[in-house]
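First comes the structure, then the notes that go with it.
The values are calculated or read from the model by the stated rules, or taken from the named source; none is laboratory data. Just so it is clear, the model here is predicted, and its values are computed rather than measured. Because the Cβ atoms are built from the backbone with ideal geometry, glycine has one as well, and the counts that use them run over all protein chains shown. All accessible areas refer to the heavy atoms of the entire protein, side chains included, with ligands and DNA or RNA removed. Shrake-Rupley method; radii C 1.70, N 1.55, O 1.52, S 1.80 Å.
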Amino acid sequence: MHEHDLVETHFKRLRTDQKQALEKLGIVTIHDLLYHFPSRYEEGGQTGTIAGATIGAEVTLYGTIRKPTTRKAWKSRRPIAEATLEDASGDIKIIWFSQPYIGKKVTNGMMAKVTGRIAGTATKPYIANPHIEPTPITPENAHQNLFTVGSSDKEKILYPVYSESRGISSLWFYHALKKCFEAHVHEAITDPIPANLLLRYHLPKLSTALVWIHMPHTQGNSESARKRFAFEEIFTIQLLMAQQRYDTQQKKSLQVQVDRKHQKEFIASFPFVLTKSQQKAIDVITDDFEKNHPMMRLLEGDVGSGKTAVAAATAYMVVTSHPSGHNAGTLQVAYLCPTEILAKQHFETFISFFKDHPVSIGLITGKECRKFPSKLARDSATRISRAQLRKWVANGEISIVVGTHALIQKSLVFKTLAYAIIDEQHRFGKVHRQELAQKDGLSPHLLSMTATPIPRTLALTIYGDLDLTVLDQMPQGRKPIITKVLKRGEQGVSYERIRKEISAGHQAYVICPRIDEPDPNKALALQAKSVKAEAERLGKEVFQDMIIDILHGKMKPLEKEETMRRFEHNEINILVATSVIEVGVNVPNATVILIEGAERFGLAQLHQLRGRVLRSSNQAYCFVLPETYGAQTRDRLRALMQAKNGFELSEYDLSIRGSGELYGTRQWGVSDIAMEALRNHKLVEEARAQAQALIQKDPRLIAHRALATLARTRKNTLHGE
Ligand code: ADP
Ligand code: MG
């Protein structure tokens, strides 16, 4: 047996459903099998031998099932299933009444864990209707305490539970892995982690860790094994990131002429004073421009922290630089946005920032192209054809192009793209980031911006190839938002506030989880309020005198745009919407938001929704209205109320692991074990430092083949964003 052998080769009697299950779990080779870790360990209850069980006692017995039969009761015709449970000490009868399905579950020779009360007499004991489940623990194991935790009198049993798929059970894994270990296959695998690091961090070597994670004798065993694999995974990701970072540093960037004096003047023309963190971010980016390799930077800042201004101030440096050797034309900037609404908004914002400068700005979306300034009217934008825009971008006449995905199409060629900005970058894949970074074979400086606050350790890991800058300050004069969690029946409080705000000239959002009237056939869906129905109800029953309109993802882009325009111009008092407004929409006059069905949104999403009303110096209000009020919902919403910023909230979410909406395998492509490890700051920092040191010495990991392989495999599973 060898780690690269196919599982099928050594487990020939696999049923079709088992094969499918393995495939679903991504288990193809023996190596995959060894790396399919238990998701948890179950503790067996107090146990004993069958012979030792006394009448009336509640017991958990491990044994082998013999002679299962089913029959109908003589009089009542009730189905009865019977079997014998046997261990080395003896056997006992078990009976199930009226549980016809049990006959299918219980098979001859199956090892089972049976929990129930001993009934009958000393000579004829039996257990009626016990709980039964298959178990990897043989009676011998149970009695020899193979899995015993600690040495206390109370015997506890630890057995591994795997994330299972239909057809393949934890028991199957137990036997399969036992076979692997007996063949010593784990001992022949090269340990990818350098020995000096194992020593340094007191981690078990690979062969030991594999046994300990699958068949721990003690809790300590499984913990150190998990720690080792956590380190291994984080270290591997860090290696990948360090490699990408190294590669970036080998590339050349276009020379941006840094003129801090003019930049200062430009910033002085803003209608506000920068926050300290905005200024710091601008300085750091400006410093990056002076280096001769491309910048790769992530700008993280809560909703409303003013990322756009940072983008504009740094774009200014670029569009006032001339390409070397040319006097005509400037270096170019691309500004990629996730939605049309946002692209248009940023286009307008950039026009207002640059209107007094000889800079032309283009807009490209799937729908239309625009250019500022217009040839006819110097102070407004005009619609142009796609072909025209392409031409002017290609010859460098347009300096800044704001756009959606249309911006990264191959047909759009820049003359001298020197700076690419990605807004709300979590909405794009890493692929897009790289596409933009490599567009036209050049290596522009890259600024990725995100309002999704993630814990620092996670950022350092999945965005390890980027430098990190955090905007942790809000513009001055912002009053902290007042967040209230309301119970059903307390909506009145929020309606009253909405009424007050609107009579003061402000506007409101009402967020619903659904678009349409729910399908009455789906019991669960019934509860979730829909945008359409709720807008109608509010108009009829609550806010008869107000202008209410709706916004959701299924509307046509033109309709959406028109609605947003009207909301921006205060022609709509209350906008009832789905979470489409989550992404960066900016209407400073909106001061109150009511979120219906709040438990349906993730904490991060709620935080971003709340950010929609954090846009002005007016006091803002957020009302959160869950449909049901479980303990978990209560805890999460309490965190939402108390957290000072999104970063705090994200750290909280990480600490209550299991919430699984912000973090987890699905979203980031990081395993549960690694997620656990992200709570350990020291581990992450160390793994990062060690990875960078190793890549400096051996960038292609030529002397570390096992690590190189591991890193390559990792690359395919990691989502990055
Ligand atoms: P985000 O970081 O969410 O993208 P924006 O860049 O859209 O935030 O900025 C939010 C609002 O705050 C905008 O209306 C912007 O003009 C304003 N703003 C940005 N920086 C400042 C500042 N330093 N002082 C006051 N207002 C600011
Ligand atoms: Mg923004």
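Taking 12 Å as the straight-line reach from the Cα of residue 415, the aspartates and glutamates in range (excluding those fewer than 8 positions away in the same chain) are 397, 440. Using heavy atoms of the protein chains and a probe of 1.4 Å, the accessible area assigned to residue 356 is about 130 Å².
Here the peptides 704-716, 65-77 are ranked by packing, the mean other Cβ count within 10 Å, and the order with the highest first is 704-716, 65-77. Among the protein heavy atoms, those of residue 258 account for about 40 Å² of accessible surface (1.4 Å probe, every chain in place).
Residue 227 sits with roughly 100 Å² accessible to a 1.4 Å probe, with DNA, RNA and ligands left out of the calculation.
The helix-only estimate of mean residue ellipticity at 222 nm for the chain, built from DSSP H runs of length n ≥ 4 each weighted as -39500 (n - 2.57), is -11000 deg cm²/dmol after division by the residue total. Here the label points at residue 29 and residue 356, each 7 Å from Cα along the C-beta direction, are separated by 6.4 nm in the simple model.
Sorting 272, 173 by solvent-accessible area of protein heavy atoms yields 272, 173, largest first, with a 1.4 Å probe.
Going 7 Å from the Cα of residue 183 in the Cα-to-Cβ direction, what parts of the stretch 16-34 have a backbone nitrogen less than 20 Å from that spot? Output list for this probe position: 16, 18-34. From the cross-link list 276/556; 264/410; 276/344, which pairs have alpha carbons spaced over 31 Å apart? In this structure, 276/556; 264/410 lie more than 31 Å apart at Cα. A crude spin-label estimate for the pair residue 260 and residue 655, with each label 7 Å from Cα along the Cβ direction, gives 3.9 nm.
When 472, 423, 5 are compared by accessible surface with a 1.4 Å probe, the order from highest to lowest is 472, 5, 423.
Solvent-accessible surface of protein heavy atoms, probed at 1.4 angstrom with all chains present, puts 123, 29 in the order 123, 29, largest first. Annotation: amide H of residue 422 within the under-5 Å range of 336, 447, 448, 449, sequence separation 5 or more or interchain, hydrogens built in the peptide plane. Put a dot 7 Å past the Cα of residue 293, heading toward its Cβ, do the same for residue 703, and the two dots end up 2.0 nm apart. Only lysines eight or more places from residue 67 in sequence, or on another chain, were considered; those with a Cα closer than 16 Å are 93, 104, 105.
Work out the FRET efficiency for residue 504 and residue 633 from their Cβ-Cβ distance, taking R0 = 25 Å, and round it to the nearest 0.05. Approximately 0.20, to the nearest 0.05.
If I stretch the segment between residue 99 and residue 374 completely, what's the gain in nm (0.36 nm per residue apart, minus their alpha carbon distance), one decimal?
Working: separation 275, 0.36 × 275 = 99.00 nm, distance 7.89 nm.
Net length gain for the segment: 91.1 nm.
Can you spot the lysines whose alpha carbon is less than 27 Å from residue 487's alpha carbon? Ignore those fewer than 8 places along the same chain. Partners found: 479, 500, 522, 529, 532, 540, 644.
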